[in-house]
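To start, the structure under review is shown below, and the notes come after it.
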């Protein structure tokens with residue numbers, strides 16, 4: 001691709017990312033990750049054969065979820081979770097290529113600027129994107145395999161509530177198309193992802209993997225992980241040298257420079273935009289979001305159909321899940337730490353001197369958040385931490 005065209009498209013992406021810091025419509029680069037939510041603990045009863053008996057509203061939740069979703073609305077972009085109808089409910093609410101010849105240790109920190117000023121002809125190590133391709137395929141292999149083990153194969157069976165949700169959201173005609181392509185796509189993408197990781201025809205398997213991930217937009221209500229899959233997968237599509245098999249190419253080349261630059265840009269935007277929304281959320285800054293999340297899980301975990309897909313330690317539930325003022329102060333300190341880490345990570349990852357510490361901090365943070373929703377966050381956390389490979393030229 002001509003360098004001038006690549007530069008223009010990069011500017012367009014940066015401007016698009018800027019929308020995520022405003023109130024303008026658009027969600028592709030708006031990352032409200034754990035910024036705010038309304039948590040409700042629901043006790044529901046129903047009448048059957050003249051007798052009143054308890055009803056468990058959490059049995060129909062998707063794996064790794066404890067939040068009841070609101071009715072679908074195309075206009076709604078807020079992260080608010082409120083049950084549609086409850087009886088007797090109680091709620092807790094709140095809204096390197098080779099080293100630089102000059103020997104400068106700061107060379108790796110400015111490679112992004114050199115890449116732009118050279119029209120993305122700056123030589124980088126192709127193995128960086130090739131290793132990310134391997135990680136990308138491995139993480140999605142896990143995600144696609146998990147769909148079979150957590151009831152995904154029967155998601156749209158006639159007796160499943162997800163089928164009714166799909167008809168209400170898309171209409172009967174589009175829902176029938178979704179039902180027809182869903183299972184074949186599950187199988188196709190599950191075969192393509194490991195092939196991509198192994199480097200078998202990556203130019204063919206990568207579009208199949210992305211198409212398989214895109215289908216999840218049709219039934220997931222908060223598909224942040226899917227958006228990141230599509231964005232990072234597009235970066236791989238733009239790479240000139242994805243490699244073949246598990247062999248890595250280390251000879252400096254500009255074949256992957258633009259794609260690597262965009263991958264760094266996407267991950268940087270995630271951290272800065274996520275920190276921005278957390279700073280603007282009094283619920284997160286105060287520690288109330290995390291305190292309420294842990295408290296809600298501790299109260300409803302026995303009603304969850306997929307409770308084993310959470311990994312919140314019992315000590316945390318016992319000592320920090322009671323919504324006391326002491327608990328909230330502890331979660332406030334952790335919340336402020338998370339914001340500081342998210343703001344510091346992009347710079348820390350670019351500087352060679354601080355990169356190992358930034359990588360350790362980022363991995364630790366993502367591992368901790370993955371305890372909250374492992375089945376949902378393993379993809380997102382795995383790909384974000386794998387993208388750290390792109391921060392060194």
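The values are calculated or read from the model by the stated rules, or taken from the named source; none is laboratory data. In this text the structure is predicted, and so the values were computed from the model without any measurement. In this analysis, Cβ positions are derived from the backbone assuming ideal geometry, glycine residues included, and neighbour counts consider all displayed protein chains.
Some points to look at:
- Residue match in region 170-188 (condition: more than 29 Å from residue 385 (Cβ to Cβ), in contact with a helix residue (DSSP H, G or I) (Cβ under 9 Å, 6 or more places away or on another chain) and buried (at least 22 other Cβ atoms within 10 Å of the Cβ)): no
- Exactly one residue out of 58, 122 is at pLDDT 50 or above, part of a loop (DSSP other than H, G, I, E, B) and farther than 30 Å from residue 264 by Cα: that is 58.
- In region 150-163, residue farthest from residue 304 (Cα to Cα) [restricted to those that are exposed (fewer than 14 other Cβ atoms within 10 Å of the Cβ) and within 26 Å of the chain's Cα centre (by Cα)]: 154
- Hey, residue 195 within 18 Å of residue 245 (Cβ to Cβ), more than 22 Å from the chain's Cα centre (by Cα) and buried (at least 18 other Cβ atoms within 10 Å of the Cβ) or not: yes
- Matching residues in region 238-254 - criterion: being touching a helix residue (DSSP H, G or I) at 6+ places or on another chain (Cβ under 6 Å) and surrounded by fewer than 14 Cβ atoms within 10 Å (Cβ to Cβ): 250
- Cross-chain or 6+ apart pairs with Cβ under 9 Å, region 134-148 first and more than 12 Å from residue 192 (Cα to Cα), then not in a helix (DSSP H, G or I): 134/198; 134/199; 134/243; 134/246; 134/248; 146/63; 147/155
- The listed residues are 383, 343, and the only one of them that is under 23 Å from the mean Cα position of the chain (by Cα) and farther than 18 Å from residue 275 by Cα turns out to be 383.
- Residues of region 206-223 include none that is buried (at least 20 other Cβ atoms within 10 Å of the Cβ), within 23 Å of the chain's Cα centre (by Cα), over 23 Å from residue 156 (Cα atoms) and modelled with pLDDT under 95.
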